[in-house]
1. What is the residue count in segment 51-72 for residues that are outside any loop (DSSP other than H, G, I, E, B) and more than 30 Å from Ile122 (Cβ to Cβ)?
2. Looking at Ala113, Ala92, Ala98, which one is of a type outside the set (S, T, N, Q) and modelled with pLDDT under 90?
3. Quick check on segment 91-104: of everything there that is touching a residue at least 12 places away in the same chain (Cβ under 8 Å) and not hydrophobic (A, V, I, L, M, F, W, C), which residue is surrounded by the fewest Cβ atoms within 10 Å (Cβ to Cβ)?
4. Is it the case that some residue within segment 29-50 is over 22 Å from Ala111 (Cβ atoms), open to solvent by less than 40 Å² (accessible area, probe 1.4 Å), in a helix (DSSP H, G or I) and free of Cβ contacts under 8 Å to residues at least 24 places away in the same chain?
5. Does segment 110-130 hold any residues that are part of a loop (DSSP other than H, G, I, E, B) and either in contact with a His (Cβ under 9 Å, 6 or more places away or on another chain) or open to solvent by 80 Å² or more (accessible area, probe 1.4 Å) (or both), and which are they?
6. Filter segment 76-89 down to residues that are of a type outside the set (Ser, Thr, Tyr) and open to solvent by 50 Å² or more (accessible area, probe 1.4 Å) and give me whichever is nearest to Gly120 (Cα to Cα).
7. So Leu107 clears everything in (1) open to solvent by less than 60 Å² (accessible area, probe 1.4 Å); (2) on the phi < 0 side of the Ramachandran plot except one condition, right? Which one?
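The values are calculated or read from the model by the stated rules, or taken from the named source; none is laboratory data. Because the structure is a prediction, the values reported are computed rather than measured. For neighbour counting, all protein chains shown are included, and Cβ atoms are generated from backbone atoms with ideal geometry for every residue, glycine included. For accessibility, only protein heavy atoms count, side chains too; no ligands or nucleic acids. Shrake-Rupley method; radii C 1.70, N 1.55, O 1.52, S 1.80 Å.
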Amino acid sequence: MTKRERYGSNRPLWEHVHPAIRRIALGLIAWTIGAVWVLFSHSYYGPLLYGVVTLLVGIFVLLPIVLFRMARQGAEESPSFGTWMHGQLDTASGPVDARDAAIAILLIPIAVAVGMTALGLIEFLTAEGFLR
């Protein structure tokens, strides 16, 4: 990740998201797919639904990974996660605190994973007769 200094600031300015943030986002996506596979397993259209959802999510995840790896050939080593979090992330609209950027990046995958798990649990418990 490239580090640049802004005028009048002593905080590093990063051009890329830290790899730990990407790994957390991928873990949350895997959690979502796992929740769909486990909690909606009793559905008649389950296998078709699982195949379509898994294929779409796979393409959604794989395309940015491939593009990122192609763009990073020969890039330098990433900073530590703590160092990255205390800096700023350069965006198209200007620098943003790295901590705020990490929250913004992970907010949607967290909400989808927790929401899908909750919906799946409610649907599963209803199908099993615990909730009527």
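1. The number of residues fulfilling the criteria is 10.
2. Ala92 is the lone residue from the list that is of a type outside the set (S, T, N, Q) and modelled with pLDDT under 90.
3. For segment 91-104, the residue satisfying everything is Arg99.
4. Residues of segment 29-50 that are over 22 Å from Ala111 (Cβ atoms), as a first pass: 41-48.
Imposing the further condition that a residue be open to solvent by less than 40 Å² (accessible area, probe 1.4 Å) reduces the set to 46.
Then drop every residue that is not in a helix (DSSP H, G or I), which leaves 46.
With the extra rule that they be free of Cβ contacts under 8 Å to residues at least 24 places away in the same chain, the set shrinks to 46.
For segment 29-50, residues over 22 Å from Ala111 (Cβ atoms), open to solvent by less than 40 Å² (accessible area, probe 1.4 Å), in a helix (DSSP H, G or I) and free of Cβ contacts under 8 Å to residues at least 24 places away in the same chain: present.
5. Pass one, segment 110-130, residues part of a loop (DSSP other than H, G, I, E, B): 128-130.
If the condition is that a residue be part of a loop (DSSP other than H, G, I, E, B) and either in contact with a His (Cβ under 9 Å, 6 or more places away or on another chain) or open to solvent by 80 Å² or more (accessible area, probe 1.4 Å) (or both), then Glu128, Phe130 are the ones that fit.
6. So in segment 76-89, the residues of a type outside the set (Ser, Thr, Tyr) come out as 76-77, 79, 81-82, 84-89.
Checking the rest, the ones that are also open to solvent by 50 Å² or more (accessible area, probe 1.4 Å) come to 76-77, 81, 86.
Working: Glu76: 42, Glu77: 40, Phe81: 33, His86: 37 Å.
Filtering first and then ranking leaves Phe81.
7. Against the list (1) open to solvent by less than 60 Å² (accessible area, probe 1.4 Å); (2) on the phi < 0 side of the Ramachandran plot, Leu107 comes up short only on (1).
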